[in-house]
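K.L.:
Here it is: the structure, laid out below.
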Amino acid sequence: MTKGRVLSGMRPSGKLHLGNFSGALENWKRLQEEYESFFFVADWHALSTDYAKTANLRDYIYQMLVDWLSAGLNPEKCTIFIQSHVPEHAELHILFSMITPIPWLERVPTYKEQQQELKDRDLSTYGFLGYPLLQAADILVYKADFVPVGIDQLPHLELTREVARRFNFLYKEVFPEPQPLLTDFPKIPGTDGRKMSKSYNNAIYLADTREEVWEKLRTMVTDPKRIRRTDPGDPEVCPVFSLHRVYSSQEIIQQVDGGCRTAGIGCIECKKWLNNALTEKLDPIRDKRSQLINNSSMVKGVVESGAKKAREVASSVLEEARAAIGL
Ligand code: TRP
Ligand code: SF4
């Protein structure tokens, strides 16, 4: 018996960095132990903003799957698949599109925000406006009970619940209202101190070699007021310390905290300790990654059987939905 059904997805952005790993993947790994879990690569979602540049899409999907598996998502314990392999998501999306007022979509905060942010692209498309509804279909086509997401995704969850209620009200009680599963995890800063993000060019990747990780740490931003080795520093404003908090032992964290404030340690020493913690964490992932990266038949096998399992659930929910409508 499990505690219910969990579903989550990630856009295929290529190799995963520590932010994706600690913010989402580590949580998914825990969930696969206790819930009936579905995790998918949201490749249609990628098209909603990147429809004009798809040359890397296949590689991105593959890299992300390799990272998921290397980091410990276990296809024996959870269902791993690619969104576009399960056409039921699209069918439910079209049914929902018939009952969803356009203003519900226009008032999703990411709609206007992303249009502002990504000014280099034309996001006045039908698909971009509708992608939160596609997300609602992703979730409800499995009647998921829980959806682990970041706080930025809460409006999408709210829309999902509204759509479920509207469907149930118009036709028949088919869809449960899913709940978000928020894990409050500290933000993972990148090497420049801003939020770690592929687009900021400040990320440490699961696929980085030991040497690459050390080079990134070595040149990472520290407390800007700590200029000389003899200057005391303030760990609270230092992004290196934020990473210690996540990856180092309690003992090392204490040592850094004290040593930094009293100028007892230097920043390079401090970064070496962090490097040790990261090496310990990442080495086993790297090992698995190097095995998997050239084993595309294994990865293909995972997503093929994943799609099959996903479709079993999705197609029966679709049957209920069609019947409720009277199709
Ligand atoms: N929109 C999510 C993101 O950008 C990805 C996603 C798509 C998703 N469909 C989902 C997340 C369904 C949870 C459930 O991160
Ligand atoms: Fe940051 Fe460590 Fe240097 Fe203190 S000693 S400023 S915590 S890198």
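Here, each number is a calculation from the coordinates, and none is a lab measurement. Please read all numbers here as calculations on a predicted model, not as lab measurements. Methodologically, a virtual Cβ is constructed for each residue, glycine included, from the backbone with ideal geometry; neighbour enumeration extends over all protein chains shown.
K.L.:
If you fit an axis through the alpha-carbon atoms of helix 296-325 and take the longest principal axis of the Cα set of the chain, what angle between them do you get, 0 to 90°, nearest 10?
P.N.:
40 degrees
K.L.:
Turning to a different aspect of this structure: State the answer as a single residue: which of 90, 176, 299 lies farthest towards the positive end of the charge dipole of the chain, with beta carbon charges of +1 for Lys and Arg and -1 for Asp and Glu, about the Cα centre.
P.N.:
Positive-end residue among those listed: 299.
K.L.:
Amide H neighbours of residue 79 under 5 Å, counting only residues 5+ apart in sequence or on other chains, H built in-plane at 1.01 Å?
P.N.:
Here 37, 38, 39 satisfy the definition.
K.L.:
Right, next: Collect residues whose amide H, placed 1.01 Å from N in the peptide plane, falls under 5 Å from the amide H of residue 9; neighbours closer than 5 in sequence don't count.
P.N.:
Close amide H contacts, sequence-distant or interchain: 40.
K.L.:
Pull out the extension gain between residue 257 and residue 2, defined as 0.36 nm times the separation in residues minus the alpha carbon to alpha carbon distance; nm, one decimal. Can you show the working numbers first?
P.N.:
Numbers: separation 255, 0.36 × 255 = 91.80 nm, distance 4.13 nm.
Additional length available on full extension: 87.7 nm.
K.L.:
List, largest first, the extents of the alpha carbons of the chain along their principal axes, each in whole Å.
P.N.:
Reported extents, whole Å, longest axis first: 76, 41, 40.
K.L.:
Taking H as built 1.01 Å from N, whose amide H comes closer than 5 Å to the amide H of residue 181, not counting residues under 5 places away?
P.N.:
Those lying under 5 Å, H to H, from residue 181 are 147, 149.
K.L.:
Got a sec to turn the phi values of the stretch 73-80 into Karplus ³J(HN,Hα) couplings, 6.51 cos²θ - 1.76 cosθ + 1.60 with θ = phi - 60°, whole Hz, x for Gly and Pro?
P.N.:
5, 10, x, 7, 10, 9, 9, 10
K.L.:
Also, quick follow-up: Size of the dipole of the stretch 49-134 about the Cα centre, Lys and Arg at +1 and Asp and Glu at -1 on the beta carbon, nothing else charged, in debye to 20? Present the calculation step by step, with values, prior to reporting the outcome.
P.N.:
Numbers: 7 positive and 11 negative charges, 21 e Å.
Dipole size: approximately 100 debye.
K.L.:
Let me ask something else. Please give the FRET efficiency for residue 315 paired with residue 102, using the beta carbon to beta carbon distance and R0 = 41 Å, rounded to the nearest 0.05.
P.N.:
Values: r = 29 Å, r/R0 = 0.71.
Efficiency for this residue pair is about 0.90.
K.L.:
Relative to the longest principal Cα axis of the chain, at what angle does helix 267-292 sit, 0 to 90 degrees, rounded to 10?
P.N.:
40 degrees
K.L.:
Per residue of the stretch 120-131, in order, report the coupling 6.51 cos²θ - 1.76 cosθ + 1.60 (Karplus, θ = phi - 60°) as ³J(HN,Hα) in whole Hz, putting x for Gly and Pro.
P.N.:
6, 10, 8, 9, 8, 7, 4, x, 5, 4, x, 5
K.L.:
Report the calculated FRET efficiency for residue 165 and residue 74 (r = Cβ-Cβ distance, R0 = 41 Å), to the nearest 0.05. It would help to have the intermediate numbers written out before the result.
P.N.:
Working: r = 35 Å, r/R0 = 0.85.
After rounding to 0.05, the efficiency reads 0.75.
K.L.:
When the dipole is taken about the Cα centre of the chain, and only Lys, Arg (+1) and Asp, Glu (-1) are charged at their Cβ, what size is it in debye, to the nearest 20?
P.N.:
On the way: 42 positive and 43 negative charges, 94 e Å.
The calculation lands at about 460 debye.
K.L.:
Moving to a separate point now. Please name whichever of 217, 227, 244 sits farthest to the positive end of the charge dipole of the stretch 154-276, dipole taken about the Cα centre and charges placed at Cβ: Lys and Arg +1, Asp and Glu -1.
P.N.:
Most positive-ward Cα: 227.
K.L.:
Let me ask something else about it. Pop a pseudo-label 7 angstrom from the Cα along the beta-carbon direction at both residue 26 and residue 126 and give the gap in nm to one decimal.
P.N.:
4.3 nm
K.L.:
Which percent of Cα-Cα pairs in the stretch 198-289 sits in each 10 Å bin, short to long?
P.N.:
Going out from 0 Å in 10 Å bins, the stretch 198-289 shows 17, 49, 28, 7, 0 percent.
K.L.:
What translational D, rounded to a whole number of µm²/s, comes out for the stretch 1-100 from Stokes-Einstein when the hydrodynamic radius is the Kirkwood one over Cα pairs, at 10 °C and 1.306 mPa s?
P.N.:
Details: Rh = 14.5 Å.
The diffusion coefficient I find is 109 µm²/s.
K.L.:
Helix-derived [θ] at 222 nm for the chain: sum -39500 (n - 2.57) over DSSP H runs of at least 4, divide by residue count, nearest 500?
P.N.:
Working: 13 runs with 176 residues, N = 327.
Only helices count here, giving -17000 deg cm²/dmol.
K.L.:
Right, next: Projecting each Cα onto the charge dipole of the chain (Lys/Arg +1, Asp/Glu -1 at the beta carbon, about the Cα centre), which of 159, 40, 54 comes out farthest on the positive side?
P.N.:
Sorting the options by dipole projection puts first 54.
K.L.:
Could you give the length gained on full extension between residue 268 and residue 287, defined as 0.36 nm per residue of separation minus the Cα-Cα distance, in nm? Intermediate values should be presented prior to the final figure.
P.N.:
Values: separation 19, 0.36 × 19 = 6.84 nm, distance 2.69 nm.
The residue 268-residue 287 span can extend by a further 4.2 nm.
K.L.:
Another one. Once phi is turned into θ = phi - 60°, what whole-Hz ³J(HN,Hα) does the Karplus curve with 6.51, -1.76 and 1.60 give for every residue of the stretch 233-247, x standing for Gly and Pro?
P.N.:
x, 10, x, 4, 9, 9, x, 4, 5, 4, 6, 3, 3, 8, 10
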